[in-house]
Amino acid sequence: MDRIIIDGESLILEDFVNVARYNYKAELSVEAENKINRARDLVEKMVSESRVVYGITTGFGKFSDVVINCKETMQLQRNLIVSHSCGVGKPLDEEIVRGIMLLRANALAKGYSGIRLSTVNILLEMLNKGVHPIIPEKGSLGASGDLAPLAHMVLVMIGEGEATYNGVRMSGKEAMDMAGIKTIRLVSKEGLALINGTQVMTSIGALTVYDGIKLLKTADIAASLTLEALNGIVDAFDERVHKVRGHVGQMSTAKNLLRILQGSKMTSRQGQLRVQDPYSLRCIPQIHGASKDALEFIKNKVEIEMNAATDNPLIFVDEEEVISGGNFHGQPMALPFDYLGIALAEIANISERRLERLVNPSLSNNLPAFLTSKGGVNSGFMIVQYSAASLVSENKVLAHPASVDSIPSSANQEDHVSMGTIAARKAREILDNARKVVAMEILSACQGIDLRGDIGLGKGTQVAYSMVRKEVESLQCDRIMNIDINKVEQIIKNKDFVNNVESEIGELA
């Protein structure tokens, strides 16, 4: 059944991607509904008693010492949303927006926010019916949460802003009307409950982690194809070598390579053609493996955050207490997302170095220069390496950590911010660049195999090679290369690329 139940406690990355990317539906558990209702009852009790509570009967940020009377609470909530809608730049991808909506609903399902159940259900109805708010990608400091972008999400809930519905961009009110969803008037605490959180950075980062894990498997396949094109030495992947060091990612990568290359007649053994390979071949397990370990760590952090209460203040029903804290601060995700960008940049770094070995006649173990048999009149793959080098260099700029920066805001009340959303966006851009570099390596390796003479590929590499050659012919004379690059990138973006290899050799780690 294409549906998940959310309870604020058990959302995992796979379910998140199914909703965000594959349009699974989401609904609240009965227990979550009860928790939401109990917290809301306490908020209404406090409002009726005119208690002074931040975000419920006061202003926000520097205005936390301004008490708001009951008659002004609805105006306060609307003003919060419209004044905070300061996002700029291109709209976030639809799958990111869907992820944001799911994550915000899941955080509210924990029952610490004091929002009405009907308001959460409106958000989920929008998600399930495909009303996707236009959320500009820039404008978040990552504390107090993702205020500006989340405000754009809420605009549509109140009949303002813009959204897409059935792929068409229109006003938020029009989208809600066409989908048959009622717009709402926010009441006390609800505006803050909807925008105070880390769901924008987490949605971007979660999709990047998911795609990054797949790219790391693809990089193992790419490296295996290059090993065959260069008659690489497989002894360096012996299980004993990696066991004595003990890193999980390293051991699993070495195992992947041997399984992908199983039965290959294109690889060599130690001393057969040469004693050692260069680091970009010999150290694939150590380099790919380090990035795999990084992504496993980051995935764990993401799944914690996907089920976190990141609101402020938090409503503790049993104790009838409202506590102002800082769970909206993005630092626990900012650092991992900077790490994510670095880990993915390294995959592009080593992939480009393997590509250089394929095209450089001084390094390619007797392949023709730039992988063309008619060099001079043809440039072959010469500029493919240029393009890869450009992307790798760009990634080095993007990999500079965002989380080491902070600019105070709200008249220095919010005097340290995370920049975690910038970290997540950068990591996603690095991923896109890295995928392109890996596609270039695969394209080049397949050409190298053709020029070397295919005397028998491995079980896994044969599947990958056949998928590429089904779409892209071997290069005989120069042609427009970006067409081939784009085709291979689309091949490896499709989940069938890794899945088809795994169906032949078993699941890759």
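The values are calculated or read from the model by the stated rules, or taken from the named source; none is laboratory data. Given the structure is predicted, the values throughout are model-derived calculations rather than measurements. Ideal geometry is used to build each Cβ from the backbone, glycine not excepted, and the neighbour counts take in all protein chains shown.
Remarks
- Filtered residues of segment 15-36 (kept if in contact (Cβ under 8 Å) with a residue 12 or more places away in the chain and either within 23 Å of Lys493 (Cβ to Cβ) or hydroxyl-bearing (Ser, Thr, Tyr) (or both)): Phe16, Val17, Asn18, Val19, Ala20, Arg21, Tyr22, Asn23, Tyr24, Ser29
- Taken over segment 312-338, the criterion of being touching a helix residue (DSSP H, G or I) at 6+ places or on another chain (Cβ under 6 Å) and buried (at least 19 other Cβ atoms within 10 Å of the Cβ) is satisfied by Ile315, Gly330, Met333, Ala334, Pro336, Phe337, Asp338.
- Segment 355-380 - residue that is of a type outside the set (A, V, I, L, M, F, W, C) and outside any loop (DSSP other than H, G, I, E, B) and, of those, farthest from the chain's Cα centre (by Cα): Gly375
- Only one entry in Gln270, Gln276, Gln262 is in contact with a strand residue (DSSP E or B) (Cβ under 6 Å, 6 or more places away or on another chain), part of a loop (DSSP other than H, G, I, E, B) and more than 27 Å from Phe16 (Cβ to Cβ), namely Gln270.
- Out of Ile383, Ile449, one residue alone is crowded, with 19+ Cβ neighbours inside 10 Å, part of a helix (DSSP H, G or I) and touching a helix residue (DSSP H, G or I) at 6+ places or on another chain (Cβ under 8 Å). It is Ile449.
- Candidates Gly249, Gly191, filtered to the one that is modelled with pLDDT under 95 and in contact with a His (Cβ under 9 Å, 6 or more places away or on another chain): Gly191
- Selection from segment 230-253 of residues that are of a type in the set (A, V, I, L, M) and within 17 Å of Glu296 (Cα to Cα): Val248, Met251
Results for (1) surrounded by fewer than 17 Cβ atoms within 10 Å (Cβ to Cβ); (2) over 22 Å from Ser268 (Cβ atoms); (3) out of contact with any helix residue (DSSP H, G or I) (no Cβ under 9 Å at 6 or more places or on another chain), shown as yes or no for each residue.
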{"site": "Glu414", "(1), (2), (3)": "no, yes, no"}
{"site": "Asn433", "(1), (2), (3)": "no, yes, no"}
{"site": "Ala464", "(1), (2), (3)": "no, no, no"}
{"site": "Glu471", "(1), (2), (3)": "yes, yes, no"}
{"site": "Ser503", "(1), (2), (3)": "yes, yes, no"}
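- All conditions in (1) under 22 Å from Glu504 (Cα atoms); (2) without any contact (Cβ under 8 Å) to a residue 40 or more places away in the chain hold for Gln270, with the sole exception of (1).
- Qualifying residue in segment 193-216 (condition: touching a residue at least 40 places away in the same chain (Cβ under 8 Å), buried (at least 21 other Cβ atoms within 10 Å of the Cβ), among the small types (Gly, Ala, Ser) and part of a loop (DSSP other than H, G, I, E, B)): yes
- Within the set Glu346, Glu352, the sole residue that is part of a helix (DSSP H, G or I) and closer than 30 Å to Pro149 by Cβ turns out to be Glu346.
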